[in-house]
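All remarks here apply to the structure that follows.
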Amino acid sequence: MNTTQRKRPGRRPITPLSLAIAPLTLLVAASSPSLAAAQGGSATPALLEEVVVTATRTPHTLKDVPVETVVISRQDIEQSNAQNAMDVLKTVPGISSAAHDDVFGTYTWQAKMRGLSFNDGYGLILIDGQRVMGSGQSGGMGEYGIGLNQIPVEMIERIEVVKGTSSALYGSDAMAGVINIITRKAPTVASGRAGASHGWYKIKEKTNSDGSVAYPADDGQSRNTSQAYVSFGEHPLERLGYLIHYNYESADDISQEPIQSDRHSLMAKMDLAATDNLDLFLKGEASDYQKTDNRDEESYRLSTGLEWRPAADHVLAVKGYTYSWDFVHGYPGYPHGYKHGDTGFGQAEIQYTWYATDQHAVTMGGEIQQQTIDYTINNADGSTIRVKEDVDTASLYGQDEINLFDDLTLVAGLRFDDHSNFGSEANPKLSLMYRLAEAATLRASVGRAFKSPTIRQLYYDAPYRHGDYYVQSNCDLQPEIGLGYSAGLEQRFLADHLLTSLGIFRNEVDDMVISEDTGTIYDSLPLMTYQNVEEAVTQGIELLTRFDHQDFALTASYTYTDSENKETGNELPYVPKHSLSLAPAYQWQRYGLGLSATISHTGRQYKDNDNSSQINGHTVVDAKISKELANKARLSLEADNIFDSDKGDDGNYRSGRTMLVKMDVFF
């Protein structure tokens, strides 16, 4: 068996084809004397035996999961220089984050999976298996967006990345795939950790459209970024465990003027094994974010649930959670609009899995979701936009997993969604996994996806200011329909010390929503609107190699992505054709020394639908050195963007070289 109260404005801070993958294989072998060594000395087999649940909603070991899945472990995170969740994912093939600066408070709104945007709802973000809504402080763009950085890195245990259309299990927003951010667990014995970091960075000048150069107000001076956290948990009783984690983050932004952002985050969770067959959980999260004179946000998430195993081959899970986000953006008279209000999301779900035999599992489930939004935008021209909408979705889904001939696994799924605005949709998916040999696995899938336009794209009754233009909603937009195809070969060598994979993918999206220039002027600025385009396509190749032997680790990835708006023949914006990363790590355990680096190259990408403006190809190099202190602490020195790259985007202010010192203490 495979197994609130609204805040007052103006408050101030406080992933026979072996030949195809031979080049990367040789590259890694030539580098020999492990990703696992970079994970604190654990061996690759342990990594491969890790249990994942996101791909099928049922437990599988990583090497046996039927759907393409990549796992970023806690050790991977600690070995990296990442200061937020988006930066953790930059070595995963198929994920692009080059338009993002690894500075707290900066936006991740151009983050893509297989050429499709998370912020626009093409990739589903989960926290502990539950949908994430809202953005703002988390790096999304605006009240409708979905940001990746809602959970601080220190709260994350691991991240499961599921590739390919997943609407058959998860519904709308899972067209490109799913990222499940899994938070830390309660420790088995009383223990804690605490840490603090401080860093310095400078902002690079930008080149205006007329060729003139604009310098940041503090040109030549360093800005600051800092973090502090403390975490404690235990099992005071054999069956009862808890964890409490507090995190603080601060940075001075990357805009022309230094603008301080601060976030306080608290997570508390409790797990209870009430009986041998019944497990209960309760988790609460709260976050308070402030950006000087510009943003004031509070978010709350509460979730609870149970898992009951009435017999060895039956599992029933019931879960529910609620999320609310109150925000104040800008202030009265703010040129980009004064926005204040709240959004919310609630979901109740039930899932039943029957392991009919050791080779056959059937999963059935149902969900009820409600997204609410209630806020006001006061434009600088005196116009007011009031948005008050509820979007309800009721869903039923089923999945059949069956192992045939020992070497072949088939997974068939179907989800039925009843959407309050767009009616009923059915999304099927078929996946297979074929074991070509003991160490070679082929996976393939095809699925359909449905995605509704966002509230901002549909419902604003007047144009709203966005940067240096206005945007008008379009209530006649049609939902988007997607077909996703993918296939991948995974091959392991050298007693599992070397893992290589080669994947291909294609996404076809009918009626994709894009923004277009209307050719008219509104309040002295260009007016944009949203339109459906006949079809958009993204397709490409993904290569991943992970090598682990003794104290050395190396991860290498490459992605080729071809994208096209079939209506215009243009490439989709912010989709680089070529992305490459190389992440070596060495753990000198005798002396408690750790060395690691990440080299990321991103090819040219366009910034607009007309393909008239672009971000040039560029390379960013990060490095880190750490020293263990008597097994009770770890001191780290990190250098991001060592060669001071402008990330190919000299038309915007970007962060340059960043130096950071960090201390972690374990008790």
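Read-outs throughout are calculated quantities, based only on the coordinates presented, and are distinct from any laboratory measurement. Keep in mind the model is a prediction, meaning the values are calculated, not measured. Heads up, the Cβs are rebuilt from the backbone with ideal geometry, glycines too, and the neighbour counts pull from every protein chain shown.
So here's what we get for this one:
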quantity: Filtered trypsin sites (Lys or Arg not before Pro), region 151-238: DSSP coil and at most 14 other beta carbons within 10 Å; calculated: Lys185
quantity: Linear extension gain, Ala311 paired with Leu525, 0.36 nm per residue minus alpha-carbon span; calculated: 70.5 nm
quantity: Vicinal HN-Hα couplings computed from phi for region 263-280 (Karplus, 6.51 cos²θ - 1.76 cosθ + 1.60; Hz; Gly/Pro x); calculated: 9, 10, 10, 9, 10, 10, 9, 9, 10, 10, 8, 4, 9, 5, 10, 9, 10, 10
quantity: Cβ-derived FRET efficiency at R0 35 Å, Asn652 paired with Tyr248, nearest 0.05; calculated: 0.80
quantity: Cβ-based net charge around Lys577, under 12 Å, with every Lys or Arg adding one and every Asp or Glu removing one; calculated: -2
quantity: Chain lengthening between Thr376 and Asp418 when straightened (0.36 nm per residue, less Cα-Cα); calculated: 12.3 nm
quantity: Virtual spin-label span in nm between Ile642 and Asp358, 7 Å along Cα→Cβ; calculated: 5.1 nm
quantity: Neighbour-count ranking [beta-carbon atoms within 10 angstrom, fewest first] of Ser167, Ser524, Ser191; calculated: Ser524, Ser191, Ser167
quantity: Per-residue Cβ neighbour rank within 10 angstrom, fewest leading, Val315, Val411, Val665, Val213; calculated: Val213, Val665, Val315, Val411
quantity: Diffusion constant of region 490-634 at 20 °C, which comes from Stokes-Einstein with the Kirkwood Cα-pair radius and 1.002 mPa s, µm²/s; calculated: 114 µm²/s
quantity: Arg131 long-range amide H proximity, modeled H, under 5 Å; calculated: none
quantity: Listed pairs Lys269/Lys632; Lys206/Lys451; Lys269/Lys451 exceeding 29 Å between Cα atoms; calculated: Lys206/Lys451; Lys269/Lys451
quantity: FRET efficiency estimate (nearest 0.05) - Cβ-Cβ, Gln550 to Asp608, R0 41 angstrom; calculated: 0.25
quantity: Coil-residue trypsin sites (Lys or Arg not before Pro) of region 549-625, DSSP, other Cβ within 10 Å capped at 15; calculated: Lys566, Arg604
quantity: Net +/- balance of residues flanking Leu414 in space, Cβ distance below 10 Å, scoring K and R +1, D and E -1; calculated: +2
quantity: Computed [θ] at 222 nm, deg cm²/dmol, the chain (DSSP H ≥ 4; -39,500 (n - 2.57); rounded to nearest 500); calculated: -1000 deg cm²/dmol
quantity: Modelled label reach - Trp200, point 7 Å along Cα→Cβ, region 212-250 residues with backbone N closer than 13 Å; calculated: 220-225
quantity: For Glu567, Glu480, order by how many other beta-carbon atoms lie within 10 Å, fewest first; calculated: Glu567, Glu480
quantity: Amide H within-cut-off set for Asn652, under 5 Å, with H built and near neighbours excluded; calculated: Thr207
quantity: Packing-based order for 639-647, 90-98, using average beta carbon neighbours within 10 Å, highest first; calculated: 90-98, 639-647
quantity: Positive minus negative residues near Ser250 (Lys, Arg vs Asp, Glu; Cβ under 13 Å); calculated: -2
quantity: Sequence-distant residues sharing a close amide H with Glu234 (under 5 Å, placed H); calculated: Tyr242
quantity: Set of region 194-232 residues, backbone N closer than 18 Å to the point 7 Å along the Cα-Cβ line of Ala633; calculated: 194-199, 227-231
quantity: Two-site FRET efficiency, Ala439 against Ala273, from Cβ-Cβ distance with R₀ of 30 Å, rounded to 0.05; calculated: 0.25
quantity: Rh by Kirkwood over Cα pairs, then Stokes-Einstein D for region 34-666 at 0.692 mPa s and 37 °C, µm²/s; calculated: 130 µm²/s
quantity: Per-residue HN-Hα couplings for region 283-292 [Karplus 6.51, -1.76, 1.60; θ = phi - 60°; Hz; x = Gly/Pro]; calculated: 9, x, 9, 9, 9, 10, 10, 9, 10, 3
quantity: Note, ³J(HN,Hα) from phi for region 451-464, Karplus 6.51, -1.76, 1.60, rounded to Hz, x at Gly and Pro; calculated: 9, 7, x, 6, 4, 5, 5, 9, 10, 5, 8, 8, x, 10
